[in-house]
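Just so it is clear, none of the values below were taken in a lab; they were calculated from the coordinates. Because the structure is predicted, anything quoted here is derived from the model rather than measured. Cβ sites come from the backbone with ideal geometry, for glycine too, and all protein chains shown count toward neighbours.
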Amino acid sequence: MELTTCSALCNLPTVWAEKSSPDGPFSSRPFPLQPYAADWSGPFLFLGEVFPESNMRNRSLIALSAVGIHLSIGSVYAFSVLVRPIMETLGASMGDVTWTFSLAILFLGMSAALLGRFVEKIGPQKSGLMAAFFFGTGLLGTAYALSIRSLSLLYLFYGCIGGIGLGTGYITPVSTLVKYFPHHRGFATGLAIMGFGFAALIAAPLMQQLTRTVGLTRTFCLMAGAYSVIMVLCALYLKPPVLKKEHDADSQSLTGKTASEAMHTWQFQSLWWVFFINITCGILLLAVLSPMAQDVIGMSAQEAAAFVGIIGIMNGGGRILWSTISDRLSRPVTYILFFALEILAFFALSATTSSFVFKGLVLFIISAYGGGFSCMPAYLSDLFGTKQLSAIHGRILSAWAMAGIAGPTLISFFYKQTGTYASVLIFFAVLFIPNLIIAIQLKGKGFEQKEVPALDSLETK
């Protein structure tokens with residue numbers, strides 16, 4: 001589509017796109033607005049074009065769409081609320097039921113790694129619709145599995161099929177959102193991934209109430225319907241901006257390296273390792289926080305449950321907080337801060353019996369856990385550009401899949417051997433030392449961040 005400065009001459013409606021502001025991602029500072037011709041032809045050619053096509057989407061609505069997808073799939077973090085009802089329905093052990101969650105995280109990471117390039121190729125609309133299909137099918141299938149009391153079908157639908165929807169949905173909006181906020185990449189990725197962290201706060205009480213009032217099977221049916229609708233509507237609005245031809249040569253940050261090229265760099269391999277360690281530590285802490293709080297500082301079961309809820313706030317809030325900080329300090333410096341402070345935090349946590357200190361250290365560690373997730377896509381775009389950001393981000397999420405298994409395994413091993421949590425906490429404090437060294441090396445020898453074009457250099461095809 002050709003850009004026109006006078007849409008009336010060709011009888012086309014005009015869509016106004018806001019230029020990127022250096023003052024902030026949603027700055028109210030007045031900037032010149034540039035008209036773009038909107039294409040209203042054939043809006044129902046396929047489901048992904050229900051919304052009329054235009055050159056530039058509203059950036060606020062793009063961000064809201066990204067958050068909506070992540071709020072939906074992030075409900076997986078509230079799975080613990082359903083563990084006991086599922087145990088009673090299936091007559092299964094807690095270990096058998098919790099393996100469902102581990103399987104979902106495993107398939108999340110592996111599907112994100114394997115389907116990243118495919119997601120990049122088909123675009124955010126179609127990949128978002130695919131995520132809605134798999135996630136909705138997984139939840140409906142889970143309802144069926146519970147109705148016939150089949151543990152194997154529970155693994156298949158919630159763990160495998162639902163996990164594919166989780167992985168696809170997780171990486172779908174990130175690359176698009178980064179391109180709409182070229183000067184605030186950290187904020188953009190933090191905004192999207194924040195939804196995944198906050199989702200449990202909304203989903204947990206709703207799941208608990210629905211299970212109590214309509215039953216477990218109907219709860220999964222209702223979740224399947226509601227989340228599918230939300231994800232479809234959000235996916236339909238997603239559309240990446242496209243560079244003008246005349247700016248293509250000067251816009252290497254919107255091209256950059258392919259996923260295969262990035263994977264063969266020491267920077268990617270280093271980031272995979274530090275990502276793996278950070279997630280393993282976070283999952284380890286989340287898995288045993290309630291019994292640890294009861295054993296170490298004498299919390300009651302009710303107090304520990306409430307504290308777990310507060311953890312959800314820090315998990316989500318840390319994602320947007322640390323990613324925004326990374327826009328100011330740079331991603332390498334932010335990761336150096338993560339690991340330097342986490343070394344001290346894990347050593348201190350292994351020795352403290354103070355309730356105040358324990359709570360403060362845990363809240364910080366969880367905020368850094370969430371921040372590690374939200375800063376990573378922006379870090380990858382700094383290093384490798386956005387040409388195949390979804391694919392590169394997907395590949396590095398394989399670390400999440402491995403960590404989902406490593407975290408619970410390590411805590412079980414150390415606790416069985418020593419009878420305390422201190423040993424595993426010290427072990428990970430030591431592991432953060434090489435992480436810190438790697439982060440310093442990345443700052444000194446990583447790729448230089450390239451300039452990104454402002455949004456006024458973007459045009460639809």
Taking segment 87-222, how much of its Cα-Cα pair set, in percent, is spaced more than 19 angstrom apart?
56 percent
Compute the convex hull volume of the Cα atoms of segment 59-457, divide it by the residue count, and report the result per residue in Å³ as a whole number.
124 Å³
Considering Cα pairs under 8 angstrom that are at least six residues apart, work out the relative contact order of segment 315-431 and quote it in whole percent.
37 percent
Total charge of the residues flanking residue 275 in space, meaning their Cβ is under 13 Å from its Cβ, with Lys and Arg +1 and Asp and Glu -1, is +2
Among 77, 144, 237, 170, rank each residue by its count of other Cβ atoms within 10 Å, from fewest to most, as a rough exposure measure.
144, 237, 77, 170
So what is the relative contact order for segment 59-457, in percent, with contacts set as C-alpha pairs under 8 Å and at least six apart?
27 percent
Would you kindly derive the ³J(HN,Hα) couplings of segment 387-396 from the backbone phi angles with the Karplus curve 6.51 cos²θ - 1.76 cosθ + 1.60 (θ = phi - 60°), listing them in order in whole Hz, with x for Gly and Pro?
4, 10, 4, 4, 5, 5, 4, x, 4, 6
Determine the distance separating the Cα centre of segment 367-396 from the Cα centre of segment 107-137; give it in Å without decimals.
16 Å
Flagged as over-length at 22 Å C-alpha distance, from 359/416; 126/239; 359/443, the pairs are 359/416; 359/443
